[in-house]
1. Among the residues of the stretch 105-119, how many are open to solvent by 20 Å² or more (accessible area, probe 1.4 Å) and under 28 Å from Asp189 (Cα atoms)?
2. Considering only the stretch 127-137, state which residues are within 15 Å of the chain's Cα centre (by Cα) and either open to solvent by less than 10 Å² (accessible area, probe 1.4 Å) or of a type in the set (D, E, K, R) (or both).
3. For a quick check of your reading of the model, give me the residue pairs whose first member lies in the stretch 42-71 and is under 18 Å from Ala101 (Cα atoms) and among the polar types (S, T, N, Q), whose second is within 13 Å of the ligand (Cβ to nearest atom) and assigned to a helix (DSSP H, G or I), with beta-carbon atoms closer than 7 Å and at least 6 apart or on different chains.
4. Considering only the stretch 187-232, state which residues are β-branched (Val, Ile, Thr) and open to solvent by less than 60 Å² (accessible area, probe 1.4 Å).
5. How many residues are more than 7 Å from the ligand (Cβ to nearest atom), more than 15 Å from Ala71 (Cα to Cα) and surrounded by 24 or more Cβ atoms within 10 Å (Cβ to Cβ) when one looks only at the stretch 22-57?
6. With Ser133, Ser225 as the choices, which residue is at pLDDT below 95 and at negative phi?
7. Output the residues belonging to the stretch 20-42 that are in contact with a strand residue (DSSP E or B) (Cβ under 7 Å, 6 or more places away or on another chain), under 23 Å from Thr81 (Cα atoms) and part of a loop (DSSP other than H, G, I, E, B).
8. Looking at (1) surrounded by 14 or more Cβ atoms within 10 Å (Cβ to Cβ); (2) hydroxyl-bearing (Ser, Thr, Tyr); (3) out of contact with any His (no Cβ under 8 Å at 6 or more places or on another chain), can you tell me which one Ser8 breaks?
Amino acid sequence: MEPREAASQELLKMQLGSGDDDWTPTPHGRLLAHSLAGRNLVADREVLELGAGVGNHTILLVRQGAKRVVATEITKSRLDTTRRNVERNCSRTGHVEYRVADWLQTDGRFDVIVANPPFAQSGKRNRRYFIDSLILDAHKRLREGGLLVFVQSSMADLAKTRIRLAENGYEPEVLESTQGPFRDYYLADETFMQEISSVENGFELRDGVYYETLCVIAARLVPWSPPATAHLPP
Ligand SMILES: C[S@@+](CC[C@H](N)C(=O)[O-])C[C@H]1O[C@@H](n2cnc3c(N)ncnc32)[C@H](O)[C@@H]1O
């Protein structure tokens, strides 16, 4: 194994506890973790992590020397799991703040936002809601030149994401991608299968097996000022 990959693997060693209600890491979360571990985007930076789950990325962000991490979850119980796992795996956790918050509805400005947005089970009429919400509103939580880092499946339409990021003032880069077979619950959800069938390059079907492509996207928010005549909140 190359030294760089060995260092990544070391960073990714962690003991994660979880309860029945917690979201345990899937290939999406694992790819995002691998991608973050392979390059340090957060040292001395202030980071907002949305939907921290079992803390698999929070632990990494702390180990990589983030100056401050705000980790959010949708319920207190899930956030308690995040906190327990961070405390179990990191010796220095004083600069981690835990907030129950509905996605971007939280305070502050950050250098980096990290997320594995719900998609297949987003529970929203627009299944892309959490991805689109990031693209439209993360600028309210990012500092100028800040970085939005998230993982997305081809089923959620990578071309649409690229276009919308550019429209909203981001310069996106794909850090890493991988292909993997569908999980059973995709195939069991008829509406889901119908929706993704109209996404161009949304999946591949080979020898009777469906595959999705996962991409980790890092999008830099290009500095921009609205004209003086723009309608802005006071
Ligand atoms: C796809 S999981 C990712 C979990 C973890 N970050 C990972 O990658 O393994 C999405 C996480 O977002 C949380 N979540 C769902 N809706 C949310 C919301 N409106 N605001 C904040 N977090 C939310 C879920 O509880 C879940 O832990």
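The values are calculated or read from the model by the stated rules, or taken from the named source; none is laboratory data. These numbers come from a predicted model, not from an experiment. Virtual Cβ from ideal backbone geometry, glycine too; neighbours counted across all protein chains shown. Each accessible area value is taken on the protein alone, full model and side chains, heavy atoms only, with ligands, DNA and RNA left out. Shrake-Rupley method; radii C 1.70, N 1.55, O 1.52, S 1.80 Å.
1. Residues flagged as open to solvent by 20 Å² or more (accessible area, probe 1.4 Å) and under 28 Å from Asp189 (Cα atoms) within the stretch 105-119 amount to 3.
2. Across the stretch 127-137, the qualifying residues are Arg128, Ile131, Asp132, Leu134, Ile135, Asp137.
3. Thr58/Thr82; Thr58/Val86
4. Ile196, Val199, Val209, Thr213, Val216, Ile217, Val222
5. The qualifying residues number 1.
6. Of the residues listed, the single one that is at pLDDT below 95 and at negative phi is Ser225.
7. Scanning the stretch 20-42 gives a single hit, Val42.
8. Status for Ser8: all satisfied but (3).
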